[in-house]
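Below: one structure, written as structure tokens.
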Amino acid sequence: MSLWRYEWRLLLRSRIPVIGLLMLTALTVASLVSGVQRIDSQREAIARIATLQATDSAAVVAAHGESTDAGQAAYYSFHPTWNPPSALSFAAVGMRDVAPFMLRVRALGLEAQIHDGDVFNPELALAGRFDFAFLLTFLLPVFVIVLFHDLRSNETESGRERMLRSLPMGLGRLYLRKAMVRALALLACVGVPFVVVALQQGVTLSKIAGVLGLATAYLVFWAALSLLVARRGWSSATNAATLAASWVAIALVLPALAHVAIERAIPVDQGAEIARAQREAVNRAWDIPREDTMQRFYARYPEWSDSAPLGTAFHYKWYLAFHQNGDDDVAQMAADYRAGIEKRSTAASSLGWLLPPVGMQAALTRLADTDMQAHLAYQDRIRAYHADLRAYYYRFLFRDEPFRQADYGRAPDYDMALPASP
């Protein structure tokens, strides 16, 4: 025990390691504060939805009143959806920083609404926000290099290694103890602040343990790489340069090249293309005979086919029908787009087994429910909710039921527990 205590004293008396540990602690706190502030702002935005929606709904009712039919209500009424952050999302903001976490939808064509709000800059998604996941993935290895690059070479250059060889204990055990002390110090600098903030945010103990386990495994990887370089017997400067080059290659260059390779191997159209195609289909419907539009709609949705025939006047059931036909026109495009995104996500996750930084980011965002899989699940809930909205307004339009002012408030509300649409 005295030897371990001695190693801790040596570490704490070394100026550069202590400065490095203090900087790492400060950066850890800053990353946690940044993540909490970002997620708190999203929670506040979601909390304001009810008030803003009530104001918007009151304005629609006041503008149309009792004279409104269901078609006007479906056209003018926006219905909010939202994707609340998990308790752990402050640690790995992930897709929540680049993709919508709130979306107001109408009972019109959905694909254009979803993919208009699903545009984000992939370069921002690649780098990510300065959060705890960013600190662990990109900055923690730098501090491992700072504390480990001269673990052995410093003893050699100062001439102490010859004296250490005369001691009864092996040099291997000595350097292993020094390495474990430094690794524990690094882990404490990132782990203790994280645990404090995670407990304040209500993160479950299992997820806290999961994050700490990932951080430990990642730190061990970089420490093992540093020890492997130290065994070469090079100078401290050469060790530092070699490890810095390894960090650039493993954490920056290779992941960027791998992402480019994945994008080329799995081509995916932009979501904006789906929105454009849906709008073109909707615009073309104005030039198509209305009977053809309704026949096509009834063929796909026979439950509404017993509706009364269209007259010569404009009717909103025709308008909503060709909007839904527009969605059906791009359904295969949307399915292909989703399949491509899922393939890319799976390929990137598999890449994590070869490149630890990629695997670290993927694992943290999965734990925090902020990855692409969580975003696609939110889209599924929007689609299920939109189907309920359409069914509500269709009942008035296709059954010619009168739409009263009170019926505005009877429209279905968004439910986080909605099942995913098939």
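The values are calculated or read from the model by the stated rules, or taken from the named source; none is laboratory data. Small disclaimer: the values here were computed from a predicted structure and weren't measured. Positions of Cβ are backbone-derived with ideal geometry, glycine not excepted, and every protein chain shown enters the neighbour counts.
Before we move on, is Leu12 at pLDDT below 90 and over 30 Å from Arg404 (Cβ atoms)?
On the way: at pLDDT below 90: yes; over 30 Å from Arg404 (Cβ atoms): yes.
Criteria met by Leu12.
Consider only pairs whose beta carbons are under 7 Å apart and that are at least six residues apart or on different chains; among these, list those whose first residue lies in the stretch 47-58 and is more than 16 Å from Asp413 (Cβ to Cβ) and without any contact (Cβ under 8 Å) to a residue 60 or more places away in the chain and whose second residue is part of a helix (DSSP H, G or I) and not aromatic (Phe, Trp, Tyr).
none
Restricting to the stretch 366-378, count the residues that are polar (S, T, N, Q) and buried (at least 22 other Cβ atoms within 10 Å of the Cβ). Spell out how you get there, then give the answer.
So the first thing to find is which residues in the stretch 366-378 are polar (S, T, N, Q), and the list is 370, 373.
If we keep only those that are buried (at least 22 other Cβ atoms within 10 Å of the Cβ) as well, we get 370.
Residues flagged as polar (S, T, N, Q) and buried (at least 22 other Cβ atoms within 10 Å of the Cβ) within the stretch 366-378 amount to 1.
Among the listed residues Ala308, Ala313, which satisfies the condition of being touching a residue at least 12 places away in the same chain (Cβ under 8 Å), loosely packed, with under 13 Cβ neighbours inside 10 Å, more than 32 Å from the chain's Cα centre (by Cα) and under 30 Å from Leu397 (Cβ atoms)?
Working: Ala313 fails: touching a residue at least 12 places away in the same chain (Cβ under 8 Å).
Testing whether each residue is touching a residue at least 12 places away in the same chain (Cβ under 8 Å), loosely packed, with under 13 Cβ neighbours inside 10 Å, more than 32 Å from the chain's Cα centre (by Cα) and under 30 Å from Leu397 (Cβ atoms) leaves just Ala308.
Please find, among Leu171, Leu219, Leu212, the residue that is touching a Pro at 6+ places or on another chain (Cβ under 9 Å) and either of a type in the set (A, V, I, L, M) or at pLDDT below 85 (or both). Reasoning before the result, please.
Working: Leu171 fails: touching a Pro at 6+ places or on another chain (Cβ under 9 Å); Leu212 fails: touching a Pro at 6+ places or on another chain (Cβ under 9 Å).
Being touching a Pro at 6+ places or on another chain (Cβ under 9 Å) and either of a type in the set (A, V, I, L, M) or at pLDDT below 85 (or both) holds for just one of Leu171, Leu219, Leu212, which is Leu219.
Looking at the stretch 250-264, is at least one residue out of contact with any Gly (no Cβ under 6 Å at 6 or more places or on another chain) and in a loop (DSSP other than H, G, I, E, B)? Talk me through it step by step, then tell me what you get.
Residues of the stretch 250-264 out of contact with any Gly (no Cβ under 6 Å at 6 or more places or on another chain): 250-264.
Next, only the ones that are in a loop (DSSP other than H, G, I, E, B) stay: none.
No, that holds for no residue.
Out of Ala50, Ala30, Ala59, report the one residue that is more than 25 Å from the chain's Cα centre (by Cα) and not in a loop (DSSP other than H, G, I, E, B).
Values: Ala50 fails: more than 25 Å from the chain's Cα centre (by Cα); Ala30 fails: more than 25 Å from the chain's Cα centre (by Cα).
Every option except Ala59 fails the conditions.
Determine, yes or no, whether Ala335 is exposed (fewer than 12 other Cβ atoms within 10 Å of the Cβ), out of contact with any Phe, Trp or Tyr (no Cβ under 9 Å at 6 or more places or on another chain) and either hydroxyl-bearing (Ser, Thr, Tyr) or under 23 Å from Leu389 (Cα atoms) (or both).
Values: exposed (fewer than 12 other Cβ atoms within 10 Å of the Cβ): yes; out of contact with any Phe, Trp or Tyr (no Cβ under 9 Å at 6 or more places or on another chain): yes; either hydroxyl-bearing (Ser, Thr, Tyr) or under 23 Å from Leu389 (Cα atoms) (or both): yes.
Judged against the criteria, Ala335 is a match.
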